[in-house]
Each structure stands twice: as C-alpha cells, then as structure tokens.
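The values are calculated or read from the model by the stated rules, or taken from the named source; none is laboratory data. Everything numeric in this text was worked out from a predicted model, so none of it was measured. Positions of Cβ are generated from backbone atoms using ideal geometry, with glycine treated the same way; all protein chains shown enter the neighbour counts. Each accessible area value is taken on the protein alone, full model and side chains, heavy atoms only, with ligands, DNA and RNA left out. Shrake-Rupley method; radii C 1.70, N 1.55, O 1.52, S 1.80 Å.
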Amino acid sequence: MNPTFRKLSQALILFTLYVPAWAQAQGLPAFTATPVPGGATEYTLSLQTLLFMTVLVFLPAMLLMMTAFTRIVIVMSLLKQALGTTTVPPSQVIIGLSLFLTFFVMNPVLSKINDVAIKPLMDNQISMVQALDAGSAPLKTFMLSQTRQDDLALFVRLSGNKPLVSPADTPMSLLIPAFVTSELKTAFQIGFIVFIPFLIIDMVVAAVLMSMGMMMLSPVTVSFPLKLMLFVLVNGWELVIGSLVQSFVH
C-alpha cells in the first residue's frame, strides 16, 4: 500500500473515532443527542444533516434494488428495442418516465412509511431505531408480494440459513436479492410479450421483400414505420404503462 495513502487512512480513522467523543466530552452542540419523553432522541441540526447525507448515499441503490424501478426501466428499454428505435425516445426520457412511474406505484408504500416512521420521528415520538424498524415494514411487505417463493428459497438455501417459518421472518439480506431476481424475471417475461407483435411484423416484411426479389432493400427500413403505425393505432403507451402498473397490484 502507498505510504501516503496509509497515513491518510489512519488519520481519517482517528478523526472518525476521536472527534465525536471529544466533541461530546466538550459538550459541543453540533454532536449533541438529547433524550426526550417517550423514549425518543432529539438530534441537533448538524447531526440530522449528517444522517440525511448518509441516507442520500444509499438512496440510488435503494431505488434500484428495493422499488418498482428495475422492472419498469427494463420493460421500457425492451420496448424501445422492439420498436427498432435507437435514439427515440432518448434514454433520459425513458429513465425519467420510469422514475415517475416508480413514484406512482410506490406512493401507497411511501405514504405508509411517512405515517408510521417519518412523522413520528420528526415529532420526537419514536427513536431513530424504532423509525427504521417501522419504516422498513411497509417496504418489506411490498417486496414480499412481488418476490417468487422459488427465488426466496434459492437465497435461503445459498445462505445456509434454516428454512423460514413464515415470509415475514425473511431478513432484508435475503429478501433484497430474491426481490431483484424476481423483478428481472418478470421484466423479461413482459418484454417477451411486448416483442412478439413487432417480431411478427419484421418477419412478414422480410418474407414479402424476399418474395418480390427486393433483397437489396433492408426490411428494417420498411418495417419501422409499420411498427410505429401499429403502436400508435393500438395506443401502445397506454397498454404498456397500464400493464406495468397493474402488474404490481396484488
């Protein structure tokens, strides 16, 4: 290891370990946590900001691995490939639409988390640990409803843990990879169904061009406007988005 890097690492560790203890010993308000009635703890604004910034670091991973975003963005990307478009709609539009659809699907879960965890924590009715436990329960219920039993059993077996008594006893360390695996399976199943009509159009156009002896003309050039016309006539966006949202309802 580089000596300079080792010294910087040691200095960072010492700073992390001793500065909070020293600040608490000196009674600095920036690192103060005061107990309040009801068993909760009131943190200073600086400490709350630090905790908030820490949560922001894990927010992208939580969005990808613990919400409906994975299924939605994969299906939208497969739809784009099925249409044969390379730049339309742009990737930013696909990700933005997937993000807002995710908020729409997760709105009941987020509202429940706000009611049982965030509001009581802000009102100093519960502690931070209690808020984390209460807030994870609605999210865990959503993930369990979308996770296949086979995928959950796979990770239980791979972890070497004993069989679970009930799905509610599933730890997050097993539920998250099982949930993501199930979401990938579901997304590819929906994507396969989306691909079928466009694949048929490509095959029909290629067969017609071959029978007419127009082998120099690319089938994609002819099939692309036909696929766009079909997608518009059947109101494809409404069908795809409606099917995606309904696939999360149980």
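What to note about this one:
- Looking only at segment 49-77, and only at residues there that are farther than 22 Å from residue 175 by Cα and surrounded by fewer than 18 Cβ atoms within 10 Å (Cβ to Cβ), the one that is modelled with the highest pLDDT: 77
- Restricting attention to segment 209-236, the residues that are open to solvent by 70 Å² or more (accessible area, probe 1.4 Å) and more than 39 Å from the chain's Cα centre (by Cα) total 6.
- The helices (runs of 4 or more DSSP H) found wholly in segment 154-250 and carrying at least 2 residues that are over 30 Å from residue 66 (Cβ atoms) and at pLDDT below 85 occupy 172-211, 219-233.
- Search result, residues across segment 171-196 that are closer than 16 Å to residue 72 by Cα, touching a residue at least 40 places away in the same chain (Cβ under 8 Å) and hydrophobic (A, V, I, L, M, F, W, C): 179, 180, 184, 187, 188, 190, 194, 195
- Residue 172 out of contact with any helix residue (DSSP H, G or I) (no Cβ under 6 Å at 6 or more places or on another chain), more than 13 Å from residue 82 (Cα to Cα) and open to solvent by 90 Å² or more (accessible area, probe 1.4 Å): no
- Taking each residue of segment 145-170 that is touching a residue at least 60 places away in the same chain (Cβ under 8 Å) and looking for partners that are aromatic (Phe, Trp, Tyr) with beta-carbon atoms closer than 9 Å, six or more apart or interchain, yields 145/248; 146/179; 146/248.
- Just one of the numbered conditions (1) in contact with a Gly (Cβ under 9 Å, 6 or more places away or on another chain); (2) loosely packed, with under 13 Cβ neighbours inside 10 Å is not true of residue 239: (1).
- Qualifying residue in segment 104-113 (condition: within 28 Å of residue 230 (Cβ to Cβ) and either open to solvent by 20 Å² or more (accessible area, probe 1.4 Å) or part of a loop (DSSP other than H, G, I, E, B) (or both)): yes
- Boolean, residue 186 is among the polar types (S, T, N, Q), under 21 Å from the mean Cα position of the chain (by Cα), open to solvent by 50 Å² or more (accessible area, probe 1.4 Å) and within 27 Å of residue 242 (Cα to Cα): no
- Filter pass, residue 156 being in contact with a Pro (Cβ under 8 Å, 6 or more places away or on another chain) and open to solvent by less than 70 Å² (accessible area, probe 1.4 Å): yes
- Segment 77-88 residues that are under 14 Å from residue 190 (Cα atoms), paired with ones that are at pLDDT 75 or above and of a type outside the set (A, V, I, L, M, F, W, C) (beta carbon under 6 Å, 6 or more apart): 78/191
- Positions within segment 133-151 being over 18 Å from residue 174 (Cβ atoms) and either open to solvent by 20 Å² or more (accessible area, probe 1.4 Å) or in contact with a Pro (Cβ under 6 Å, 6 or more places away or on another chain) (or both), in sequence order: 134
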